[in-house]
Structures are given as C-alpha cells and as structure tokens.
Amino acid sequence: IQRLRELATRLGRDPDVSGSAAELSQRVMEWEEEAEAEHLPAVENDSDESIVPPGIGQRSERVLIRALRTLHICAIDPDSNRELDMVMAGNPARISQHDVDELIAAGLIIEL
C-alpha cells in the first residue's frame, strides 16, 4: 500500500488502496510501468507528435514489422522516428520485441 501511495504521488493520482491484494499488486505493477515510461527522455519539437530520441527503441528493443491488419499499438515510424498509436494495414513500423511473437501467432504482422 505504501508503494501504491508513492506511485500515486509520482503520477499525480489519488491513491486507490481499495481491492484485493492481487488487485493492489496488479495496480502497483501497472503504475510502476507508467512511472518508468515517464522517465524516458523526450525530444521537443514544433509539432504535437513526439519524436523518439536516438538510442531509444533501437534494434535490441524494437523490431521492424509490417502490419497485416490495422493495429492500435504503440509503435515507431521507421522513417521519421515518430511515435505512432496506430499502424495501418500494409505499413511498416518498429514495435516492442515482447509483442512480436504474439502478434505473429495471431496473424496480425510479419517480421521484416
């Protein structure tokens, strides 16, 4: 519960300590991931779209794929390095390594 309160403060949220131990544990894990994501360096630009700094999302972390269906997924445009929240069917993108096997098995992507 203490960790949940710390994360709530860090993320600017009200600490919701209701629920079972399993629910609290799950909430802590989710909020820790969000807190870690907030600490990735950001590059400022003139547009509303964010650009991934060099070194973030490179080969060891991201895999180049082609979407076989339109995907609502966090991805990186391989040409502009812009963050995407959707990849249209037929388009390439770089996605997190840990998503690749599941999406290939579901027939949603191919690895390039």
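The set of residues in the range 25-51 being of a type in the set (D, E, K, R) and either assigned to a helix (DSSP H, G or I) or modelled with pLDDT of 80 or more (or both) consists of Arg27, Glu30, Glu32, Glu33, Glu34, Glu36, Glu38. Looking only at residues in the range 80-112 that are closer than 14 Å to Arg62 by Cα and part of a loop (DSSP other than H, G, I, E, B), the one that is nearest to the chain's Cα centre (by Cα) is Asn81. Listed by first and then second residue, the pairs with beta-carbon distance under 6 Å, at least 6 apart or on different chains, first residue in the range 1-24 and in a loop (DSSP other than H, G, I, E, B), second basic (Lys, Arg), are Pro15/Arg5.
Residues of the range 58-77 that are crowded, with 16+ Cβ neighbours inside 10 Å and part of a loop (DSSP other than H, G, I, E, B): Ile73, Cys74, Asp77.
The values are calculated or read from the model by the stated rules, or taken from the named source; none is laboratory data. Keep in mind the model is a prediction, meaning the values are calculated, not measured. Cβ: placed from backbone, ideal geometry, glycine included. Neighbour counts: every protein chain shown.
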